[in-house]
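Here's the structure, in structure tokens; my notes come after.
Computed from the coordinates by the stated procedures, all read-outs in this text should not be read as laboratory data. Since this is a predicted model, take the numbers as computed values, not measurements. With ideal geometry, Cβ positions are generated from the backbone for all residues, glycine too; neighbour counts draw on all protein chains shown.
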Amino acid sequence: MTAMRKTRLLVALGLCGAAVAAAFAGPSAQAGEVRHRHGTPGWELTATGTDARFRGLAAVDHRAAWVAGSGGTVLRTEDGGRHWRDVSPAGGAGLEFRDIEAFDRRRAVALAIGEGEASRVFRTGDGGKTWTESFRNDDPRAFYDCLTFFDSRHGLAMSDPVDGRFRILSTSDGGRSWRVLPAAGMPVAQPGEAGFAASGQCLVSAGGRDVWLATGGAATARVLHSGDRGLTWTEAGPGIPAGDPARGVFGLAFRDRAHGIAVGGDYRAGQASPDAAAVTADAGRTWQRATTPPPAYRSGVAWLPHSRRSALAVGPTGTDVTRDGGRTWRTVDTGSYDTVDCAADGGCWASGEKGRVARFA
């Protein structure tokens with residue numbers, strides 16, 4: 001991506017509020033479609049050729065991305081979404097992929113969710129031509145929700161509580177093999193507490209050792225933090241309402257080990273989601289509610305590359321932008337997306353229901 005194009009993207013997505021408003025102007029029945037009014041960039045829907053719901057998304061750069069979703073579907077593009085290649089793992093038609101992490105255009109790790117053996121991890125090193133199943137859950141009490149990687153070798157996956165604590169899987173060989181970490185350093189789970197496999201963002205990392213886990217469904221929504229790759233954890237309440245199985249923190253994003261954003265709410269259509277966002281500047285030890293949060297439930301969030309203050313949040317009812325580090329949000333599009341991800345070169349992607357995948361262009 002040229003420096004001029006990168007600057008144009010960053011300005012449009014938060015450093016200039018007027019440009020954002022123009023980019024996503026005019027809600028309509030085709031909300032989220034191409035919006036290039038007077039050359040202003042916006043979300044551009046791509047033709048995926050499927051109606052799968054893509055809650056797993058990995059942005060490689062402004063031209064390449066991976067998506068993973070329902071019906072065992074995994075797609076990959078290398079030309080900005082003009083063409084999508086079906087690279088679904090063989091024999092995975094009955095699986096529900098909810099997360100995918102890509103190291104580059106050829107290497108990726110995908111997580112299928114569900115009780116017992118439905119929770120599985122697959123790895124490819126050849127652009128999805130072949131996949132290896134590297135983990136299959138053999139504990140009927142476990143239900144894996146999300147995964148994250150610190151680098152191309154070290155990563156974690158998380159399960160809802162087993163024996164009263166969230167379960168953590170660890171890999172040190174790029175997802176080729178996995179082991180369950182000791183549970184002694186994990187705080188006791190609340191009754192009904194779980195992670196939400198809604199956007200692949202209930203477990204996220206920043207840097208080489210820091211990782212955060214988002215929860216909901218219990219009396220209090222929490223964000224758990226580990227500074228030693230999942231061995232020991234501390235807890236904090238971000239102030240996002242819970243108290244119901246449908247409420248809590250759904251997505252996290254950290255631009256470095258200190259500064260993070262949490263989004264969530266109540267995922268049921270038509271239900272109010274007040275205080276659906278919060279921010280931290282101390283690695284999650286303390287959180288402050290957004291003074292002007294998104295107006296509805298949001299499941300995905302991403303910092304804009306090379307920006308210290310701008311981020312995107314997405315959900316079934318729209319896309320919101322913050323220009324002040326997550327304290328205030330403005331809705332700029334009404335298209336439905338479940339997750340969002342931005343690459344280091346400035347390429348941002350979003351995906352969701354009915355095969356929807358969009359690129360900011």
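In this simple spin-label approximation, R285 and T234 carry label points 7 Å from Cα along the Cα→Cβ vector, and these lie 0.5 nm apart. Among 271-277, 211-217, 87-93, the peptide with the highest mean count of other Cβ atoms within 10 Å heads the list, and the full ranking is 211-217, 271-277, 87-93. Label-to-label distance, D139 versus S177, with points set 7 angstrom from Cα along the beta-carbon direction: 1.9 nm. Each of (i) 19.8; (ii) 20.8; (iii) 22.6 is a candidate for Kirkwood radius over Cα pairs in Å; the one calculated from this structure is (i). Each label was represented as a point 7 Å from its Cα along the Cα-to-Cβ direction; for V162 and K129 these points are 3.5 nm apart. If you take the Cα centroid of the stretch 275-345 and the Cα centroid of the stretch 223-248, the two points sit 18 Å apart. Which of the three applies to the stretch 258-361, rounded, prolate or oblate, going by the alpha-carbon gyration tensor with a ≥ b ≥ c and a/c under 1.5 meaning rounded? Taking the square roots of the gyration eigenvalues as a ≥ b ≥ c, the stretch 258-361 is oblate. Which value in deg cm²/dmol, rounded to the nearest 500, describes the helix-derived mean residue ellipticity at 222 nm for the chain, given -39,500 (n - 2.57) per DSSP H run of n ≥ 4 and division by the residue count? The helix contribution divided over the chain gives -1000 deg cm²/dmol.
How much net charge surrounds V162 when only the other residues with a Cβ under 13 Å from the Cβ of V162 are counted, with Lys and Arg +1 and Asp and Glu -1? Charge balance in the 13 Å sphere: -4.
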